[in-house]
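Engineer: Can you read through this structure? Questions will come right after.
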Amino acid sequence: MIIEKNRFIEQLINEMTLDEKIGQLNQVGTSIYGGKEDEYEQLIRESCIGSILSVKQIQKCNRLQKIAVEETRLGIPLLFAEDVIHGFRTIFPIPLAESCSWNPSLAEESAAIAAAEAASAGIHWTFAPMIDVSRDGRWGRIAESFGEDNLLNERFGVAKITGFQGTREQNAYMSQDKLIACAKHFIGYSAAEGGRDYNTVDMSSYRLANVYLSPFLEAIKAGVPTVMTAFNALNGIPATLNKKTLIDILRNKLNFNGLLVTDWNALHETITHGYSPNEAYAAKKAMDVQVDVDMSSRVYISNLKTLVLNGELEEDQINQAVKRVLELKCDLGLFEQPYRSNEAHALQVCSKKTHRTIARKIAKESIVLLQNENHILPLQLGKENILLIGPFINDKQSMRDTWSCDGRVDDYVTVAQGFAEAGVPQSMSIDDQIYSAFIKNRCLNTTQIEEIRSTNKIIMVLGEKASESGEAKSKASLELEHDQINFLQQIYQLNPHIVIVLMNGRPLALKNVVSCCEGLVEAWHLGVEAGHAIVDVLTGKYNPSGKLTVSFPRTTGQVPLYYNHFNTGRPFSEEKFNTSKYIDESIEPLFPFGYGLSYTHFDYHDLAVMEQDQDTHLISVQITNSGPMAGTEIVQLYSRQLIGSYVRPVNELKCFKRVFLKPQEKQNVTFVIKNKDLSYFDDNLSEIMDHGVFQIRVGKNSRHGLQTQITI
Ligand code: BGC
């Protein structure tokens, strides 16, 4: 089979002219919607386009495909690409939210549904998952990430890839309802200085290897066939032309032999970076670092031919890149079946009710309960007076998230709608006027004051519009906007029994918020089923189980703030003067990584280590549900290497397990740690296993837990 494929591709390449080959390396983008369709159709006819980004309709895809297949000399089919990040028509929680479920199998499920829907609409290739470890909430694309920890980015990245592509046994993306995945962005993009998108990144090889690379390593092991380069410059060289990262690391150390695509216009931007003097230079350099496809900058299509004709570039370099493009087309079965879907199929797949049922399940598991004083939650609907207010209670438009593909505003369920469907009792009022009136008049009127005073509990939905996170949405302040804080403070003076539901796409600095409420629910941007899932949690129909995958700072000035930092030579101490601290703020997060409450209570006992052999350590702990409700606990195991050949983090997540327990039920949870799990990379990317003592902590978050140790 493989021999046949190779022979077929080789023969095809032999038949191709240089122009036809270069066309395969040219990807055009969304401007196909800009009234230039005729122009693009002509380019396809001339074999100048190999793949197209963002044509989301099956009729259009098939029409363009027909031109490629029937009106070009060799009939090579097109590849259609799209950013299917967290759903196609059925929009799921943003990846940051989904990671708070600590349940990668859900990510696999949502990716499989997204793949089926997108594939039915003619898409072959998704630019996901984004596995940039994200430690800075100012960076708007943290919403697209799986948080600040590399293990979670590895697990969720692999789950997404499997969901999009299918398992290797299922013959990967050959099947009609699968997509090719793309691991992005290689590399360092999320570490932009100041959290400002596209900004410079400068980092040691040690950090790069141990924090940012491991999700890519796992993605490659899981069979991701494509990788995207990053926009940023890394250590002085644009990531898109960086030989050290693309050749020495990606190709040679991580053994990636798939297709490398640039980010949007990134090749041309190497000129703006002040690195490439002109496009020809960028094209030649990119070929030298084995970048195969040029996304939308047209640098390849305009320059590669001259480079070859002038003898500056070997045609064989182009052949290698073309081979990788054709391999994908072959693996998708496009040469046999260029039209993988049709309108009827797309309609049927995209309207499946079960997709929304799964979206609701995932949304519920993504919610994190951050505060629950006086057991203000769950609500006793019908037994107490409840008032629902705030800017986001009924605003579908503000819920439409970053990269929401073919998601429709009307599909989103708001919190007000969620309550309405659950059956609003007489004792509950939904008032979407109070907030807008307050913003207009800067005060509340007597009727409103009376309404607020006389209710038992207030549910207030605050946060950010979904459009405030995502690409190019960096923020200098992680605090809620002033209007929302003023509103909250005013209401709090009238009635302190407030539950805040937050909708947001990044960790927020909530110091001024936690003191003005009893309940705090982190609901993120949860996709189309948000309102249902939030009401399920508020009413106790679902006992919240999510845990944070990013640290929440007290104030923006603490950022970047992450749990797996180094100790420094002068770690903070109350007693000593010259230690690593702020003089105007604590160094602790407001809510640490791994944190999240439940309506029940889980106790941890009897942490024990049973050495299996020199290489394997069996760690067990007993968990008891000592509270009133059944619930799921996410049990987390962290390690700390006390002395190393390099300084090591004070804490590192090594494993986690989800445990469901009925009230009073107990369970022994065991973890197997292999020595390899405790190894790391030196700055040459060679694996190191230091001998010595490793502290092991098992608990409900990164700050609290039972402690033991193992010696290697
Ligand atoms: C983003 C990529 C995305 C590409 C195509 C870029 O601006 O950085 O993540 O895949 O656009 O839409």
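Engineer: Scan (1) under 30 Å from ASP411 (Cβ atoms); (2) among the polar types (S, T, N, Q); (3) away from the ligand (no atom under 16 Å from the Cβ); (4) surrounded by 19 or more Cβ atoms within 10 Å (Cβ to Cβ) for the single condition SER351 breaks and write down its number.
Structural biologist: All conditions pass for SER351, except number (4).
Engineer: What do you reckon, is VAL650 touching a strand residue (DSSP E or B) at 6+ places or on another chain (Cβ under 7 Å) and either outside any loop (DSSP other than H, G, I, E, B) or surrounded by fewer than 17 Cβ atoms within 10 Å (Cβ to Cβ) (or both)?
Structural biologist: Answer is no for this residue.
Engineer: Any idea how many residues of segment 529-564 are surrounded by fewer than 24 Cβ atoms within 10 Å (Cβ to Cβ), among the β-branched types (Val, Ile, Thr) and not in a loop (DSSP other than H, G, I, E, B)?
Structural biologist: Here the count works out to 1.
Engineer: Within segment 611-620, identify whether any single residue is in contact with a helix residue (DSSP H, G or I) (Cβ under 7 Å, 6 or more places away or on another chain) and loosely packed, with under 14 Cβ neighbours inside 10 Å, and answer yes or no.
Structural biologist: Checking segment 611-620: at least one residue is in contact with a helix residue (DSSP H, G or I) (Cβ under 7 Å, 6 or more places away or on another chain) and loosely packed, with under 14 Cβ neighbours inside 10 Å.
Engineer: Applying the selection to segment 210-256, what residues are outside any helix (DSSP H, G or I), more than 16 Å from the ligand (Cβ to nearest atom), under 23 Å from ASP197 (Cα atoms) and not small (Gly, Ala, Ser)?
Structural biologist: Passing the criteria: LEU213, ASN235, ILE237, ASN242.
Yes or no, residue by residue, for (1) under 20 Å from the mean Cα position of the chain (by Cα); (2) more than 25 Å from PRO544 (Cα to Cα); (3) within 16 Å of the ligand (Cβ to nearest atom); (4) surrounded by 24 or more Cβ atoms within 10 Å (Cβ to Cβ):
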site: GLN57; (1), (2), (3), (4): no, yes, no, no
site: LYS60; (1), (2), (3), (4): no, yes, no, no
site: LEU96; (1), (2), (3), (4): yes, no, yes, yes
site: PRO104; (1), (2), (3), (4): yes, no, no, no
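Engineer: OK, next. Is it fair to say LEU618 is assigned to a loop (DSSP other than H, G, I, E, B) and farther than 24 Å from GLU522 by Cβ?
Structural biologist: Criteria not met by LEU618.
Engineer: Could you list all residues from segment 269-280 that are more than 18 Å from ALA472 (Cα to Cα) and surrounded by fewer than 18 Cβ atoms within 10 Å (Cβ to Cβ)?
Structural biologist: ILE271, GLY274, PRO277, ASN278
Engineer: Continuing with the same structure: Determine, yes or no, whether GLY87 is touching a residue at least 24 places away in the same chain (Cβ under 8 Å) and assigned to a loop (DSSP other than H, G, I, E, B).
Structural biologist: It is true that GLY87 is touching a residue at least 24 places away in the same chain (Cβ under 8 Å) and assigned to a loop (DSSP other than H, G, I, E, B).
Engineer: Filter segment 408-428 down to residues that are surrounded by 14 or more Cβ atoms within 10 Å (Cβ to Cβ), of a type outside the set (Asp, Glu) and either modelled with pLDDT of 95 or more or not in a loop (DSSP other than H, G, I, E, B) (or both), then give me how many there are.
Structural biologist: Count: 11.
Engineer: Consider only pairs whose beta carbons are under 8 Å apart and that are at least six residues apart or on different chains; among these, list those whose first residue lies in segment 160-185 and is aliphatic (A, V, I, L, M) and within 14 Å of the ligand (Cβ to nearest atom) and whose second residue is in a helix (DSSP H, G or I) and at pLDDT below 95.
Structural biologist: LEU179/TYR173; ILE180/TYR173; ILE180/ASP331
Engineer: What pairs can you find where one residue is in segment 516-530 and small (Gly, Ala, Ser), the other is assigned to a loop (DSSP other than H, G, I, E, B), and their Cβ atoms are less than 6 Å apart, with a gap of 6+ or different chains?
Structural biologist: As it stands, the answer is GLY519/ILE376; GLY519/LEU377; ALA523/ILE367; GLY527/ILE91; GLY527/PHE92; GLY527/PRO93, since those pairs meet every condition given.
The values are calculated or read from the model by the stated rules, or taken from the named source; none is laboratory data. Quick caveat, the model's predicted, so the values are computed rather than measured. No Cβ is skipped: glycine too gets one built from the backbone with ideal geometry, and neighbour counts run over all protein chains shown.
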